[in-house]
Amino acid sequence: SHFHTVAKAAPSMTTDGGRFDFEDGGTYVGGWSEGKAHGLGLVTGPRGQGEFAGLWEDGFEASGVYIWPSGNTFEGEWRQGKRHGLGTEVKGRWMYRGEWMTGFKGRYGVRQSEASGARYEGTWQLGMQDGTGVETYSDGSTYSGCWFHGTRHGLGIRQSVPFGLAAHYKEERRLRESLTSLRSQDEASAEAAAAQDARERAKRLDEPRGGFVLRGRMIDAAAALSSGQAGQSTKRNSLTKGLIGRLRKQRSTGDVNNDQRSSARYSGSLRSALSDRSATLTAGGGVVGTASPDFFEEIVDPSTTEAYYGDWKQDKRSGLGVAERSDGLKYEGEWEDNKKHGYGCTTFPDGSVEAGKYKSNVLVASTARRSKLFIIKTARLRERVETAVREARNAMAEAIKKAENAQSRQQVSRQKAELADQAAEKARQDAEMARRLAHEYAPDFHQP
């Protein structure tokens, strides 16, 4: 840091302490030994901006309070000019309490938002969440599992809170968005990379879906038209357009014909798929539902919860996993980008089952297909689905183990955070004594 290098450059000091002004406008006031800051002392940065007050050892900070020009603070222990040991950092609306190693957060620590209550408790490496830990979001929902370079990556469990509570927090977040983005902009250029990371983390900690990503039965227009028309693309497309047109004229799911209602009675996604915004025609004549926020309307019971157990890649459900809602909706199989994608099986609240190959939540190949021409193909599809379901259940079992490990790390992190609070208290005491000593050495000195 600037402070410890300038504090060492004072060979003319021959007494046990005093005041030393640097050419860049910074000042050191306190004790020294053999030309190095030693004992209690206070130093300001260039042009008097920023401050460290506390205990020094051979020219380096040892324990105290560091205040950056931006207003960010660190209270705790140092070694060889870097934060090392235990301490607390306040950076914008975020506070970190825990261990530090050669200037970086870790290995164990707790990071929390004073504004929303969102927090991460677990292991760190090079200042980023890495290893295993538990993240709690502003609505109280959680992720417990593996982390890599600051993202949810590996095996883990995402557990929502009741839907009614998640929806309430979703509305509150909309009101806070502009204020949050303004707060995250005030970072020095030297910390630009860290600030960008903080903004990304804040964005993810306020993720809009609240842990609800599981979709019900999507409308499959191609299946509705497949009877006797598999090879007639022109007719299929024209009939599909007709079907879409009729669906768009309906005002609610209650207006859909009874036969359609019975086949998709438990399809929460039917409601949003009927709207212009979330139903689009594909080249193959199918209907693809987009990830519109309207799918929140699918869940009627405010007590409904959802949990996902399985693989994550760069903050998203990708790989093999199981998602289940308390209303009975469940999917076991392959995922990509938080969507059912690949081979899998969906079980609906009424006990009915849909299995096959999915593409972005839409079933594009079904094991229920009845045709002598496709017996071999269907058997192969069924085999792949069974394999995917079996592996997804294995991933679920492993994710539960990882979550238990993460919860163990969470407890250790909380203990380290409490020790960091003690180190911060000592640092504040050291800083206060350093300021008093500085006033004795230089009564006329004041922080700009």
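General remarks:
- The single condition from (1) farther than 21 Å from residue 440 by Cβ; (2) in a strand (DSSP E or B) that residue 42 fails is (1).
- Filter result for residue 54 (among the small types (Gly, Ala, Ser) and in contact with an Asp or Glu (Cβ under 8 Å, 6 or more places away or on another chain)): yes
- The set of residues from the range 365-407 being of a type in the set (A, V, I, L, M, F, W, C), out of contact with any Leu (no Cβ under 8 Å at 6 or more places or on another chain) and farther than 30 Å from residue 108 by Cα comprises 368, 373, 374, 375, 376, 379, 381, 385, 389.
- Selection within the range 45-59 - in a strand (DSSP E or B) and more than 36 Å from the chain's Cα centre (by Cα): 55, 56, 57
- When 401, 339 are checked against the criterion of being buried (at least 16 other Cβ atoms within 10 Å of the Cβ), within 30 Å of residue 216 (Cβ to Cβ) and at pLDDT 95 or above, 339 stands alone in meeting it.
- If only residues of the range 127-167 that are aliphatic (A, V, I, L, M) and more than 13 Å from residue 406 (Cβ to Cβ) are counted, the one that is surrounded by the most Cβ atoms within 10 Å (Cβ to Cβ) is 166.
- Some residue of the range 313-331 being touching a Pro at 6+ places or on another chain (Cβ under 7 Å), in the same structural domain as residue 394 (by TED's automatic domain parsing), modelled with pLDDT of 90 or more and surrounded by fewer than 16 Cβ atoms within 10 Å (Cβ to Cβ): yes
- Condition met for residue 64 (touching a Leu at 6+ places or on another chain (Cβ under 7 Å), in contact (Cβ under 8 Å) with a residue 24 or more places away in the chain, in a strand (DSSP E or B) and farther than 23 Å from residue 115 by Cα): yes
- Of 377, 330, all but one fail to be charged (D, E, K, R) and within 34 Å of the chain's Cα centre (by Cα); the exception is 330.
- Within the range 122-145, the residues that satisfy the criterion of being outside any strand (DSSP E or B) and touching a residue at least 60 places away in the same chain (Cβ under 8 Å) are 127, 137, 138, 139, 141.
- Residues of the range 67-90 that are modelled with pLDDT of 95 or more and in contact with a helix residue (DSSP H, G or I) (Cβ under 8 Å, 6 or more places away or on another chain): 75, 76, 77, 85, 86, 87, 88.
The values are calculated or read from the model by the stated rules, or taken from the named source; none is laboratory data. Remember, predicted model here, so these are calculated numbers, not experimental data. Virtual Cβ from ideal backbone geometry, glycine too; neighbours counted across all protein chains shown.
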